[in-house]
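Below you'll find the structure, written out as structure tokens, and then a few comments.
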Amino acid sequence: HHLIEGTWGSEYVEELTPEPGATIVKKYAHDCFYNTTMDETLERLGIRPMDHRVIVCGIAAGTCVNHAVLGFHTRHYWTVVPIDCIAGEVPQDVPWSLYRWSRVAYSYNITLTTSDLLTIVPATAEAQAR
């Protein structure tokens, strides 16, 4: 039921309720790009491949997180995965995913790190104008 809109599994937990006016991309499958507005939303926000870093976090490393990481990877975004901000549904999900993302075929634009090493800074006016 987690993929069916209107069911309990698709509801936000209180701590993750979006703020008014927040950009929301609804997804109906594991892949956040499939049949969604993700590409259009990124373009509208001026977030461009090879120009921005995208941080991917989540609780289903073997499915939704994996699809998001690979979706950003194949679209040539610099993709950052803080490994302390992902979890798996079964014990092997996280190690399997980390192994895959660290392979040479993926590692050119996927960076594995930890959240304490990340610094998020606002975009400059010049970057926002592009």
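The values are calculated or read from the model by the stated rules, or taken from the named source; none is laboratory data. Model, not experiment: these values are computed from the prediction. Cβ: placed from backbone, ideal geometry, glycine included. Neighbour counts: every protein chain shown. We work out accessible area using only protein heavy atoms, side chains counted, and drop any ligands, DNA or RNA first. Shrake-Rupley method; radii C 1.70, N 1.55, O 1.52, S 1.80 Å.
Tabulated results
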| read-out | value |
| --- | --- |
| Within region 39-130: Cβ-based charge dipole about Cα centre, in debye rounded to nearest 20 (Lys, Arg +1; Asp, Glu -1) | 240 debye |
| Average Cα contact separation per residue, region 64-115, under 8 Å, 6 or more apart, as relative contact order % | 46 percent |
| Exposure ranking of Tyr106, Tyr77, Tyr99 by accessible area [1.4 Å probe, largest first] | Tyr99, Tyr106, Tyr77 |
| Selected from Val56, Tyr28, Thr79, residue furthest toward positive end of dipole (the chain; charges at beta carbon) | Thr79 |
| Among Pro18, Pro82, Pro49, residue whose mean-square fluctuation peaks in a GNM of the chain (springs only between Cα atoms under 10 Å) | Pro18 |
| Gain in span if fully extended, Ile47 to Ser102, counting 0.36 nm per residue against the direct Cα distance | 17.4 nm |
| Environment charge of Leu118, counting only residues whose C-beta is closer than 15 Å and scoring Lys/Arg +1, Asp/Glu -1 | -1 |
| Percent of Cα pairs exceeding the 18 Å cut-off, where the set is the chain | 60 percent |
| Exposure of Phe72 as accessible area (Å², to 10), given a probe of 1.4 Å and all protein chains | 10 Å² |
| Isolated Cys in the chain, by beta carbon distance under 4.7 Å | Cys32, Cys64 |
| FRET efficiency, Thr37 to Thr119 (Cβ-Cβ, R0 35 Å, nearest 0.05) | 0.75 |
| For the chain, built as a Gaussian network whose Cα springs stay under 10 Å, the top-fluctuating residue of Ala68, Ala22, Ala87 | Ala22 |
| Rel. contact order, % - alpha carbon contacts under 8 angstrom, at least six apart, the chain | 18 percent |
